[in-house]
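Working notes, structure below.
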Amino acid sequence: MTVNDLYDIMFRQFPKGVRWLLKLRDMIVKPFGLKTGISFDDKIKEQNTNEIILGAEDKHLTFYISLFCSEINSGKQTVSVSTIVKYNNFSGRIYFLQYGYSTKY
């Protein structure tokens, strides 16, 4: 698997039901000033053969996502997804709490 394959699976090839949920989410959060309908392609900050780093900053939080696919070695490959989130204010914590994410490090 290439890092571009992983990116496509995670951020472009949504099942129909997930697309509907994302549209619903956009309608719900738009009145709260959260950005909606933005392509993940616009969030790519860096990219090389093995890694794509996405990220964004807004008034609520700053996030980065690393997608990594190692070279195949002895028929095995490591694939990892890592995230970093910095809450910029209390609204960022509330946003994450509604999805059940932990706010403790």
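The values are calculated or read from the model by the stated rules, or taken from the named source; none is laboratory data. The model shown is predicted, which means the values in this text are computed figures rather than measured ones. Virtual Cβ from ideal backbone geometry, glycine too; neighbours counted across all protein chains shown. Side chains included, ligands, DNA and RNA excluded: accessible areas come from the protein's heavy atoms. Shrake-Rupley method; radii C 1.70, N 1.55, O 1.52, S 1.80 Å.
Structure notes:
- If the condition is being assigned to a strand (DSSP E or B) and more than 18 Å from the chain's Cα centre (by Cα), then segment 66-95 contributes 73, 76.
- The number of residues in segment 30-58 that are under 16 Å from the mean Cα position of the chain (by Cα), of a type outside the set (D, E, K, R) and closer than 16 Å to residue 3 by Cβ comes to 7.
- Scanning segment 1-56 for residues that are open to solvent by less than 50 Å² (accessible area, probe 1.4 Å), of a type outside the set (Val, Ile, Thr) and in a helix (DSSP H, G or I) yields 6, 7, 8, 11, 17, 26, 43.
- Residues (of a type outside the set (S, T, N, Q), surrounded by 12 or more Cβ atoms within 10 Å (Cβ to Cβ) and within 17 Å of residue 3 (Cα to Cα)) located in segment 59-85: 64, 65, 67, 68, 69, 79
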